[in-house]
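Just so it is clear, none of the values below were taken in a lab; they were calculated from the coordinates. What you see is a predicted model; the values in this text were computed from it and never measured. Cβ: placed from backbone, ideal geometry, glycine included. Neighbour counts: every protein chain shown.
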Amino acid sequence: MSLPHQPGCACCTLPRLSTQLDALQHHNWTESLSGLIRVAAERAKLALHQDAAIFHGGPIYTLQGGQSGRVEALGVAHGKVVSVGSLRQVEADMQAQPRAERIDLRGKTLLPGMVDPHVHILPSALYRNWVNLSPFEDQILRPGYNLGWVAEKLRNELTARHGHTRADTQQWLTGFGVDPSLMTKWQEPDQPFLDQISTETPIFLINASGHLGYANSPAMKLAGLDPDSKGVTTEADIGKVLAVIPGLAAPHLLSKLQEILHEAASRGMTTLFDAGLGAAMGQLEITLLRAFAQSPLAPVRIGAALYSNQDWLQEQWLHTFQPNHIPHDDDRFSIRALKLIADGSNQGLTGYQSQDYCCADEHHVPNVSPRGLFNFEPPITFAAQLQRALNAGWPVLVHANGDQAVDYVLAAFELALYDENAKDGAPNSKLALRSRIEHASLLSDASIATMARLKLSPSFLIGHVGYWGQVFKTTILGRDRAQMLDRCQSALKAGLRISLHSDHFVSPLGTLRMMEQAVTRVMEADPERQPLNPTECLDRLSALRAVTLDAAWQCHMDHIVGSLEPGKLADLAILEQDPLDPAVPAGSLRDIRVHQTWLAGKPVYQNPKTH
């Protein structure tokens, strides 16, 4: 069994994906991108829009100053907000734009464009080319999710490919998103199970957490895996399997990349923050995503944190880039921070805990301690890595799920943030960098107090409560420790600015869904749909702020997005209903339809069902 402190990659398998993205190096992906851009440009010509507009006739929330900032009208021109206030005032301020289009909202609600501050864009695009085995149907838990359903999906895919289930040892059958923890009965799709699907076609599945994989006998043989593992693989062996699976062609990857960004726009998002860019292909990922974001293909703007777990990689980033915190007009792509991953996934039983997982004996992960794993020697080695980044002026996002991982990370920050040259009472500039704890899933009162003192803010994967809350409470963590999960309200009371994120591909894109889960904290797998620790429920405005202004603040983008104020970019979403209206049930916020999404004063999404 591995030592719990052994260095290892527990970061959603991102570095292991290099072989799957290898086609980008050997294929002229710029030709494929240029072709997509030409098509998008032609469509844009057909959707010309005035460069100025006055919105009125419905609730308009600016989020100015962190309050709702409700106003009667909003004026935009040349991609920016010009005026907010009464209709008369906005009309006066817009006199320099005599041809401004007047847009009557007809009772619809206008908000700042929403921000998801933690996603993984390229891996999500890659996995969308695999068979979808996730427990989610759109943004809802799939009823009757079990191994039987997984088997049926895989057999149907084999049949669709070949007309029958004959063998094809050249074409792998790959699936993503399988999650035993959310099945009606927790069962691993191990080698004996997958061999029932086929003993000739190689099959490989990756767990929804990204930390585990499952292989059948042909796949194990091709990858040289230990037959005693029963096909259940952790990060190192996942890399061996991915190395022998044929890579994805560039046009397919680019198509799925476009699909993800348009899905985000269709759900009211105008900013995605990639929390781990460069993990698989380094500079090539940055080049690709920048080119995509700055083209007509992208209906959202993209910020990023660079994956930096290895010393050599961190040094490379420090010598190549500077954090982009300077205001820019309509900046569609920017690198804002560095990313470190301290532990694994709580639902994957690899997040590092202060005590054994309740289900460790029954659902033990091969080569992982029953308390999970930590990727550094805590806290000294980890502190040195943090300190290099902070001393160079970089904010750092640190992935920490387990409560022991959080405490180790905070101890490392204590060391890294210490400024021996600062005089008594002098400000410590490193405290102002807005460093974050990603997921911060299990927080004690002491941890929250330490975060407040160190000026660290949490970003919560709130789907842990909504989707996995029941299994955390009954199986993985136990009733008492599950109360520590995603303590949103306690963090706010301690003076922390919080955000909510999807960690997509881990949970579905959907900021309104994330608001709903933070407001209700309903455990959606619970037949009685009880809330998990309702004292941590957010009010609606706080939840909205956590996917707009405060999410933008955490990403160092609040000077341009996150609220609708004169001089800021006109990124906005128009909704069919008002999510702040108490008459709209809190449990149906995810069902609110997005009517339009605008980026820099131009519509980039229009819902065909609301026109």
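For helix 380-391, report the angle its Cα long axis makes with the longest principal axis of the Cα atoms of the chain; keep it between 0 and 90° and round to the nearest 10°.
30
In region 284-370, which GluC sites (Glu not before Pro) fall in coil by DSSP and have 16 or fewer other Cβ atoms within 10 Å? Before the final figure, lay out each step's value.
Details: sites: GLU285, GLU315, GLU362; in loops: GLU362.
Loop-located and lightly packed - GLU362.
Over 17 Å apart: what share of the alpha carbon pairs of region 65-199 falls there, rounded to a whole percent?
Values: 6610 of 9045 pairs.
Pairs farther apart than 17 Å: 73 percent.
Please compute the length gained on full extension between ILE140 and GLN322, using 0.36 nm multiplied by the number of residues separating them and subtracting their Cα-Cα distance. Can you show the working numbers first?
On the way: separation 182, 0.36 × 182 = 65.52 nm, distance 4.01 nm.
Separation in residues times 0.36 nm, less the Cα-Cα distance, equals 61.5 nm.
Applying 1/(1 + (r/R0)^6) with R0 = 35 Å to the Cβ-Cβ distance of ALA243 and GLU101, what FRET efficiency is obtained, to the nearest 0.05? Intermediate results must be reported in sequence, preceding the final value.
Values: r = 54 Å, r/R0 = 1.54.
With a Förster radius of 35 Å, E is 0.05.
Can you tell me the dipole magnitude for region 130-244 around its Cα centre, using point charges on the Cβ only (Lys, Arg +1; Asp, Glu -1), in Debye to the nearest 20?
On the way: 9 positive and 14 negative charges, 47 e Å.
Charge dipole of region 130-244: 220 debye, to the nearest 20.
Please tell me which of these pairs span more than 22 angstrom C-alpha to C-alpha: LYS185/LYS230; LYS80/LYS430; LYS185/LYS240; LYS339/LYS430; LYS108/LYS609; LYS80/LYS609? All intermediate terms of the calculation are to be shown ahead of the outcome.
Values: LYS185/LYS230 19 Å; LYS80/LYS430 32 Å; LYS185/LYS240 29 Å; LYS339/LYS430 16 Å; LYS108/LYS609 14 Å; LYS80/LYS609 28 Å.
Violating the 22 Å Cα-Cα cut-off are LYS80/LYS430; LYS185/LYS240; LYS80/LYS609.
What is the angle, in °, between the Cα long axis of helix 283-293 and the longest principal axis of the Cα atoms in the chain? Nearest 10 is fine, range 0 to 90.
Roughly 40 degrees, rounded to the nearest 10.
Which listed residue (ASN533, GLN554, ALA392) has the Cα farthest towards the positive end of the charge dipole for the chain, taking +1 on Lys and Arg C-beta and -1 on Asp and Glu C-beta about the Cα centre?
Going by the charge dipole, the pick is GLN554.
Once the convex hull of the alpha carbons of region 320-466 is built, what does its volume come to per residue, in cubic angstrom? Before the final figure, lay out the partial values.
Values: hull volume 22.5 nm³, N = 147.
Expressed per residue, the convex hull around the Cα atoms of region 320-466 is 153 Å³.
By its C-alpha gyration tensor, with a ≥ b ≥ c as the square roots of the eigenvalues, how is region 166-303 shaped: rounded for a/c under 1.5, else prolate for a/b larger than b/c, else oblate? It would help to have the intermediate numbers written out before the result.
On the way: a/c = 2.29, a/b = 1.89, b/c = 1.21.
It comes out prolate by the Cα gyration axes.
Before anything else, pin down the relative contact order of region 421-538: Cα pairs under 8 Å, at least 6 apart, normalised by residue count, whole percent.
Working: 181 pairs, mean separation 32.2, N = 118.
With pairs under 8 Å counted, the relative contact order is 27 percent.
Only four residue types carry charge here, +1 at the Cβ of Lys and Arg and -1 at the Cβ of Asp and Glu. Report the dipole size of the chain about the Cα centre in Debye, rounded to the nearest 20.
Values: 52 positive and 63 negative charges, 255 e Å.
It works out to roughly 1220 debye.
Evaluate E = 1/(1 + (r/R0)^6) for SER444 and LEU415, where r is the Cβ-Cβ distance and R0 equals 22 Å; express this FRET efficiency to the nearest 0.05.
Working: r = 20 Å, r/R0 = 0.90.
For R0 = 22 Å, the calculated efficiency reads 0.65.
Just to confirm a number: summing +1 for Lys and Arg and -1 for Asp and Glu over residues other than TRP186 whose beta-carbon lies under 10 angstrom from that of TRP186, what do you get?
Working: positive: LYS185; negative: ASP179, GLU188, GLU362.
Residues near TRP186 contribute -2 overall.
Using a Förster distance of 41 angstrom, determine the FRET efficiency expected from the C-beta separation of HIS78 and ASN607, and round it to 0.05.
Working: r = 26 Å, r/R0 = 0.62.
Taking R0 as 41 Å, the efficiency between HIS78 and ASN607 is 0.95.
Provide, in order from the shortest bin, the percent of all Cα-Cα pairs of region 130-244 in each 10 Å bin, continuing until the bin that contains the maximum pair distance.
That works out to 15, 50, 31, 5, in percent per bin.
Which residues' amide hydrogens lie under 5 Å from the amide hydrogen of VAL604, considering only partners 5 or more residues apart or on another chain, with H built in the peptide plane?
Excluding prolines and chain starts, which carry no amide H, the hits are THR597, TRP598, LEU599.
Inverting the mean 1/r over all pairs of different Cα atoms, compute the Kirkwood radius of the chain and quote it in Å.
24.7
For a quick check: with amide H placed at 1.01 Å from N, whose amide H comes under 5 Å from MET269's, ignoring anything fewer than 5 positions away on the same chain?
Correct list: MET114.
From the backbone phi of region 487-494, what are the Karplus-calculated ³J(HN,Hα) couplings (6.51 cos²θ - 1.76 cosθ + 1.60, θ = phi - 60°) in whole Hz, Gly and Pro given as x?
Values, residue by residue: 7, 5, 5, 5, 5, 5, 5, 7 Hz.
Quick query: amide H of THR350 versus all other amide H atoms, modeled in the peptide plane; which residues come in under 5 Å with a sequence gap of 5 or more or a different chain?
It is SER345, by chain and number.
Magnitude of the Cβ-charge dipole of region 333-411, K/R +1 and D/E -1, about the Cα centre, nearest 20 debye? Mind dumping the intermediate values first?
Values: 4 positive and 7 negative charges, 108 e Å.
Around 520 debye, computed over region 333-411.
What are the GluC sites (Glu not before Pro) within region 495-532 that DSSP puts in a loop, where the Cβ has at most 16 other Cβ atoms within 10 Å?
Values: sites: GLU516, GLU524, GLU528; in loops: GLU524, GLU528.
Within region 495-532, the qualifying GluC sites (Glu not before Pro) (loop, at most 16 other Cβ atoms within 10 Å) are GLU528.
May I ask for the angle, rounded to the nearest 10°, between helix 235-244 and the longest principal axis of the chain, with both axes built from Cα atoms and the value confined to 0 to 90°?
90
I need the shape label for region 89-167. Rule: rounded when a/c is under 1.5, else prolate if a/b > b/c, else oblate, with a, b, c from the alpha carbon gyration tensor.
Working: a/c = 3.48, a/b = 3.09, b/c = 1.13.
Because a/c hits 1.5 or more and a/b exceeds b/c, region 89-167 counts as prolate.
Please return the longest stretch of the chain lacking exposed loop sites, where trypsin sites (Lys or Arg not before Pro) count only if DSSP places them in a loop and at most 13 other Cβ atoms lie within 10 Å. Provide the component values of the computation, followed by the final result.
Details: sites that count: ARG99, ARG106, ARG166, LYS185, LYS423, ARG529, LYS609.
For trypsin sites (Lys or Arg not before Pro) (loop position, at most 13 other Cβ atoms within 10 Å), the longest site-free span of the chain is 186-422.
Net charge near GLU137, counting Lys/Arg +1 and Asp/Glu -1 over other residues with Cβ under 15 Å of its Cβ? Mind showing how you got there, number by number?
Values: positive: ARG142, LYS153, ARG513, ARG590; negative: ASP138, GLU152, ASP179, GLU263, GLU524, ASP591.
Combined, the nearby Lys, Arg, Asp and Glu give -2.
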